[in-house]
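The values are calculated or read from the model by the stated rules, or taken from the named source; none is laboratory data. Fair warning: this is a prediction, and the values are worked out from it, not measured in the lab. Note that each Cβ is placed from the backbone with ideal geometry, even for glycine, and that neighbours are counted across all protein chains shown. Accessible surface areas use protein heavy atoms only, side chains included; no ligands, DNA or RNA. Shrake-Rupley method; radii C 1.70, N 1.55, O 1.52, S 1.80 Å.
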Amino acid sequence: MSSSQPQNRLRVAVIGGGMAGLVLTLFLQKHSPDVQVDIYESAQALSEVGAGIAMWPRVWEIVVQLGFEEELNEIASGSAGEKPSFTYYKGDQPEMQVAFPTKYLARTFHRSQLQTLFAKHIQNVDQVIHFGKRLSDYVAPASGTGEIILNFRDGTSATCDVVLGSDGIRSAVRHTMYEDMAKAASDEKAAAELRQVSVPIWSGNIVYRGLVPVEGLSEDMKADVVTWNRAFLGKNQHIVCYPIAQNKFINLASFVFTPEGEGTQYDGPWVSHVSAEAVVEKFGGWDPLIQTLMKGMCDPLAWAVNRLKKLPTFSSGRVALLGDAAHAMTPFQASGLGQAIEDGFVLASILSQTNVTVSNVASALKIYDKIRRPFAQNIQRLSDANGQCQHLRQGGWEDVTAEESLRGGFAQDRFDGVSELLASHMKWAQESSVMDDRDEALRMAKELTA
Ligand SMILES: Cc1cc2nc3c(=O)[nH]c(=O)nc-3n(C[C@H](O)[C@H](O)[C@H](O)COP(=O)(O)OP(=O)(O)OC[C@H]3O[C@@H](n4cnc5c(N)ncnc54)[C@H](O)[C@@H]3O)c2cc1C
């Protein structure tokens, strides 16, 4: 592991080499050559689930700042900015019905291609990423500028000045941070609240994720499905479908919502293997074309969709959280990674200021928390709200039963309410920019004194 070097203004430990950790590192290396970055990753190698991921224009604006737009475009499928991307259909009926087009523009990627591209651009990647290092906890001095000690499951340890936790929804960094805050709380009630708020909860959703190789489809179907940037709505169920990897695969994410499960602790493994046939059975009564496509999924996985509650802070002392460790959300805005990328961009911009040193970095991380937390938590909220629309539980569909929905025959204007709600929820992703927040963060960081 890298040792302290005098020329480094800060030594930053990034815990977790998922996409949040990689992008943060890219931004840190780009903007802060005098900051030493080490990534500690529990796995023995980088890996991502075989599935797709979408990026909205607000996120694209930031990612291109990393300087490899052309390479990103080469691995992207989907609209390059000119044409509407997603069209909503109603899918839980004998024949799918166009519900409404949207103006949402998205680039879509194969996750592992995107991750490989990010990793490829990390300078000195072999020295920077330390594999097989699962953090168990860290020990931070109560005050001052002393080293933070990182303890790993394999019995080894390392030191740093700053800990950035990008270790996902089950974050060990978050656990340690909130446990330390609970120990320091004024009374037992406050301590219990801090311990409880940092525990993930089940959203009530299971998502069946799988890729369909286009090659294996009939010629007719092939030509059709590679144009499917579609979301299929149904009662308490919905499917997101788009081509990835230059149309080699169709990404299918098929959701089943159990209202009683929402907010409970998920009892069982979060990820398990499932057969394509078992998934098709859950979507009985849906358009046969959708069912045929589903049957082609290779090795689908069933994921319990868990999320975090609204954390009261993303930072404590010289430790901060980002990505799913900070704001794991339901995927109904396709924005968990996008928000992680925004976190990394803003955080790295703040830490790039040369007046930010070990003595004031805790204040710098408070600026990150102040700027990023309200925004990301609003997206968490809007993601849940989108789920309600996509599962036909709002927008005029509240009283329609699953049986009625399966019969179909709905007038076109029945979709107006859902269409309007979704458009208002998604406006930020299409029309706003993170640059104002970045500028405000920079202004505040520049005012920090040692
Ligand atoms: C079905 C579905 C569809 C989605 N679609 C989209 C989409 O289209 N667009 C979008 O923006 N988002 C989407 N998301 C959300 C997105 O996948 C996540 O928000 C994002 O991948 C989180 O990245 P992360 O790096 O924060 O966490 P993770 O990907 O969970 O990475 C955490 C990393 O930390 C490592 N780690 C864990 N614990 C430790 C430890 N103790 N010590 C060291 N390392 C550790 C892990 O091995 C892992 O590498 C979707 C999510 C789902 C479930």
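Order 47-54, 144-151 from most to least packed using the mean count of other Cβ atoms within 10 Å.
Values: 47-54: 19.2, 144-151: 15.5.
Peptide ranking by packing, descending: 47-54, 144-151.
Using just the helices of the chain, give the 222 nm mean residue ellipticity in deg cm²/dmol: DSSP H runs with n ≥ 4 each add -39,500 (n - 2.57), and the total is spread over all residues, rounded to 500. Walk me through the intermediate numbers first.
Values: 16 runs with 169 residues, N = 450.
Rounded to the nearest 500, it is -11000 deg cm²/dmol.
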If the chain between LEU406 and SER136 were fully extended at 0.36 nm per residue, the gain over the current Cα-Cα distance would be 92.4 nm
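Express the relative contact order of region 292-348 as a whole percentage, based on alpha carbon pairs under 8 Å and six or more residues apart in sequence. Spell out each step's value before the answer.
Values: 37 pairs, mean separation 16.0, N = 57.
Relative contact order, region 292-348: 28 percent.
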Region 375-450: spread of alpha-carbon positions along the three principal axes, whole Å, largest first, is 67, 20, 13
Shape descriptors of region 88-232 over alpha-carbon atoms, Rg and Dmax in angstrom, are 23.4, 67
In the chain the DSSP beta bridges are antiparallel at a rate, in percent to nearest 5, of 75 percent
Heavy-atom accessible area per residue of the chain, all protein chains kept, 1.4 Å probe, expressed in Å², is 41 Å²
In whole Å, largest first, the alpha carbons of region 1-149 cover along the principal axes 64, 31, 30
If one builds a Gaussian network model of the chain from Cα atoms under 10 Å apart, the most fluctuating residue listed among ALA119, ALA223, ALA302 is ALA223
Given a Förster distance of 35 Å, the FRET efficiency implied by the Cβ-Cβ spacing of ARG170 and ILE149, rounded to the nearest 0.05, works out to 0.95
Put HIS110, HIS121 in order of accessible area, largest first, probe 1.4 Å, and you get HIS121, HIS110
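Which pairs, out of LYS120/LYS295; LYS133/LYS366; LYS103/LYS295; LYS370/LYS446, put more than 23 Å between their alpha-carbon atoms? Display every interim value, and only then the final one.
Numbers: LYS120/LYS295 35 Å; LYS133/LYS366 27 Å; LYS103/LYS295 30 Å; LYS370/LYS446 15 Å.
Exceeds cut-off: LYS120/LYS295; LYS133/LYS366; LYS103/LYS295.
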Rg/Rh over Cα atoms for the chain, Kirkwood Rh, comes to 0.98
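Give me the Å³ per residue figure for the convex hull around the C-alpha atoms of region 305-450. Write out the running numbers ahead of the final one.
Values: hull volume 15.5 nm³, N = 146.
It comes to 106 Å³ per residue, whole-number rounded.
Taking all protein chains in place and a 1.4 Å probe, what share, in percent, of the accessible surface of the chain do carbon and sulfur account for?
Numbers: 9260 of 18480 Å².
So the carbon and sulfur contribution to the accessible surface is 50 percent.
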Computed over the chain, the relative contact order (Cα-Cα under 8 Å, seq sep at least six) in percent reads 20 percent
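For region 159-318, which semi-axes, largest first and in whole Å, follow from the square roots of 5 times the eigenvalues of its Cα gyration tensor? It would help to have the intermediate numbers written out before the result.
Values: eigenvalues 328, 68, 28 Å².
Each semi-axis is the square root of five times an eigenvalue, giving 41, 18, 12 Å.
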From most to least accessible, 1.4 Å probe, no ligand or DNA/RNA atoms counted, SER359, SER32 line up as SER359, SER32
Cα extents of region 10-67 per principal axis, largest first, Å, are 34, 29, 14
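Which number comes out as Rg/Rh for region 131-192 once both Rg and the Kirkwood Rh are worked out on C-alpha atoms?
Details: Rg = 12.7 Å, Rh = 12.7 Å.
With Rg and the Kirkwood Rh in hand, the quotient comes to 1.00.
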